[in-house]
Amino acid sequence: MEVLIVDDLQKAFGRNTQAVSGVSFRVNKGEVFAFLGPNGAGKTTTIKMIAGLLLPDEGAGWIDGLDPHRNPMAMERFGAVLEGNRNLYWRMTAFENMRYFGVQKGLSQRTASRRADALLERFDLISKRNHQVRSLSRGMQQKLAIAVALIHEPRMLLLDEPTLGLDVSSSMQVISLIRELREQGMAIVLTTHQLDIAETLADRVAIIRDGRIIKEASKTDLILEFTPDGYEIELGGELSPANRDVLVDEFNATFEADRICLPGDSDHLYNALNVIRPTPIRSLGRAKVDLAYIFLQLTEEGYRS
Ligand SMILES: Nc1ncnc2c1ncn2[C@@H]1O[C@H](COP(=O)(O)OP(=O)(O)OP(=O)(O)O)[C@@H](O)[C@H]1O
């Protein structure tokens, strides 16, 4: 079920900067949509148009069927953490922030307070309930910013760089929180330059460059599309120079330290293993690619052409 529909968004700044040129995509319930691109590609401009903060020149976005630029009710359907933890008041306590933003979103004091405590409990922040935000660690502030964005029980979450500047443990907490929200049916739009995190979390991926989406696919399909035929074999011992030459000349193998990259199908592999025998094999698997590799292929390829 689609929670967000983005149709042909366009935005120019002045005469010379076409920041977004016809961006369209859809995000389903219970889906993490990673919206990736190099610096200046148009991600923030797109997200701001979706969130109702920036008026598009053309096109529109609908959250749960409502366009935030035409229907203020749309604001109740999503939460956003767009500038790290800067949506928080630093001299107010964690609880006061939650309650304040809850009331701002139209909740009664009572409901806002009840939900604030429930979210603080769930995000493991209840011990910091009465602490000023400025005294919390960066990871706690980030979790609190996400909790604040959830106070009115939205159906969609816009997250811009949710793990920026966090240490490994805080990042992992935020990642598991995002997973949990996805499991509960939240539609999540995630922008990040941390491609390992995008790869961990994303169900679908869109890559934007120069204001246009140049690729959109499910993460699985994208990785499959870029995965070369072939195998990687890690050796646990020395290969004789003669056998190494055979692998290079007859099997088109390449060597990276003690790892052999072997193109081709499984028949090719079996034949190559006969050459490798009796050198011990530490590991053997299909050649792998990650999202960072794919991202660079797509974005740099674009620049070359
Ligand atoms: N308020 C503005 N006035 C003028 N130009 C702007 C404005 N906001 C963005 N731009 C320009 O629009 C283009 C897209 O910027 P945007 O911030 O959307 O990119 P981004 O993909 O979010 O980049 P980053 O990853 O660096 O945050 C850039 O060329 C940027 O300089």
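With the condition kept exactly as written, say whether any residue in segment 233-242 is more than 17 Å from Arg277 (Cβ to Cβ) and at pLDDT below 95.
No, because not a single residue in segment 233-242 is more than 17 Å from Arg277 (Cβ to Cβ) and at pLDDT below 95.
If you take just the strands (runs of 3 or more DSSP E) that sit entirely in segment 1-109, which of them hold at least 3 residues that are within 16 Å of the ligand (Cβ to nearest atom)?
2-13, 17-28, 32-36, 58-63
Check off (1) free of Cβ contacts under 8 Å to residues at least 24 places away in the same chain; (2) within 16 Å of the ligand (Cβ to nearest atom) for Ile214 and give me the number that stays unchecked.
Exception for Ile214: condition (1).
Please enumerate the residues belonging to segment 39-75 that are polar (S, T, N, Q) and over 21 Å from the mean Cα position of the chain (by Cα).
Hit for segment 39-75 is Asn71, nothing else.
Report the residue count in segment 252-268 for those that are surrounded by fewer than 17 Cβ atoms within 10 Å (Cβ to Cβ) and over 13 Å from Glu234 (Cβ atoms).
Counting residues in segment 252-268 that are surrounded by fewer than 17 Cβ atoms within 10 Å (Cβ to Cβ) and over 13 Å from Glu234 (Cβ atoms) gives 7.
Given the condition in contact with a Leu (Cβ under 9 Å, 6 or more places away or on another chain) and within 23 Å of Gln142 (Cα to Cα), answer yes or no: does some residue in segment 201-223 qualify?
Yes, segment 201-223 contains at least one residue that is in contact with a Leu (Cβ under 9 Å, 6 or more places away or on another chain) and within 23 Å of Gln142 (Cα to Cα).
The values are calculated or read from the model by the stated rules, or taken from the named source; none is laboratory data. No experiment lies behind these values; they were computed from the predicted model shown. Neighbour counts run over all protein chains shown; Cβ positions are idealised from the backbone, glycine included.
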